[in-house]
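None of the figures in this text is laboratory data; all of them are computed from the coordinates on show. Computed from a prediction, not measured in an experiment: that's the story for all the values here. Reconstructed Cβ throughout: ideal geometry from the backbone, glycine too, with neighbour counts over all protein chains shown.
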Amino acid sequence: GESVGLHLPTLSVQEGDNSIINCAYSNSASDYFIWYKQESGKGPQFIIDIRSNMDKRQGQRVTVLLNKTVKHLSLQIAATQPGDSAVYFCAGFSGGYQKVTFGTGTKLQVIP
Amino acid sequence: ETGVTQTPRHLVMGMTNKKSLKCEQHLGHNAMYWYKQSAKKPLELMFVYNFKEQTENNSVPSRFSPECPNSSHLFLHLHTLQPEDSALYLCASSRNEGSEQFFGPGTRLTVL
């Protein structure tokens with residue numbers, strides 16, 4: 001079936017190190033992806049997005065990589081900080097919001 | 001703060017009760033959304049409203065009844081819910097359907 005999933009449920013990272021969170025998707029028609037961050041007690045917050053005509057996009061301390069060949073995308077966080085501790089999940093869209101699929105989430109724990 | 005507020009933040013109800021969740025956005029957006037977020041499951045899109053008109057009903061049971069009186073307010077009326085309906089219900093808004101969404105903090109619903 002159609003799915004967008006994450007490889008690891010929990011990721012522990014030392015403060016200052018880089019974090020990599022992965023996501024696999026199954027719908028080859030997905031043409032737009034978003035990474036969200038959700039802190040405890042809050043709603044999801046947009047971090048970065050990427051369209052299928054790109055393979056890399058950079059933001060402030062974050063980079064998203066898209067590999068359409070293997071239907072995989074990743075979120076890289078540079079110099080991870082305690083404030084980065086949250087659940088991160090990806091979403092894949094095809095045809096706008098008529099067809100959106102969300103991943104289950106990876107919990108990022110930053111060790112001071 | 002994202003500009004999207006939800007009330008109540010927590011709700012406990014019995015299966016025979018009738019309650020309503022409220023969402024208000026102060027961003028001047030035209031599209032509003034209801035999502036269900038269950039533990040260890042992906043975010044599920046429930047309803048989409050664009051300019052007060054429902055454009056998406058993602059096979060949601062009739063015990064959930066949305067109402068969108070204007071572009072700033074969205075309600076989710078609940079009646080005869082089941083324990084498996086216990087979840088975090090998130091509201092989001094976007095400038096237009098398909099553009100970046102801003103999420104509220106959610107209502108944590110527990111059905112006894």
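What list do you get for A:55, B:85 if you sort them by fewest beta carbons within 10 Å? Neighbour counts put them in this order, fewest first: A:55, B:85.
With the cut-off at under 15 Å, measuring from each backbone N in region B:22-44 to a point 7 Å along the Cα-to-Cβ line of residue B:70 picks out B:23-31. Placing a label point 7 Å from the Cα of residue B:100 along the Cα-to-Cβ direction, the residues of region A:10-39 with a backbone N closer than 18 Å are A:32-39. Using R0 = 35 Å, the C-beta based FRET efficiency linking residue B:112 and residue A:27 works out to 0.40.
Over chain B, what lengths in whole Å, largest first, do the semi-axes of the equivalent ellipsoid take, defined as the square roots of 5 times the eigenvalues of the alpha-carbon gyration tensor?
Numbers: eigenvalues 98, 38, 34 Å².
The three semi-axes for chain B are 22, 14, 13 Å.
Note on chain A: Kirkwood radius taken over Cα pairs, Stokes-Einstein applied at 37 °C and 0.692 mPa s, translational D equal to 235 µm² s⁻¹.
Relative contact order for region B:17-87: 38 percent, from Cα pairs under 8 Å spaced at least 6 residues apart, divided by residue count.
Between B:69, B:42, B:83, where does the largest GNM mean-square fluctuation fall for chain B, given springs only between Cα atoms within less than 10 Å? Per the Cα network of chain B with a 10 Å cutoff, B:42 tops the list. A Cα-only calculation for region A:28-71 places Rg and Dmax at 11.9, 36 Å. Near residue B:79, once Lys and Arg are set to +1 and Asp and Glu to -1 for all other residues with Cβ below 15 Å from its Cβ, the sum equals +1. The string of couplings for region B:10-18 from the Karplus curve (6.51, -1.76, 1.60, θ = phi - 60°) is 9, 8, 10, 9, x, 5, 9, 6, 10 Hz, one whole number per residue in order, with x for Gly and Pro.
Here the simple spin-label model places points 7 Å from the Cα toward Cβ, and for residue B:1 and residue B:80 these points are separated by 3.9 nm.
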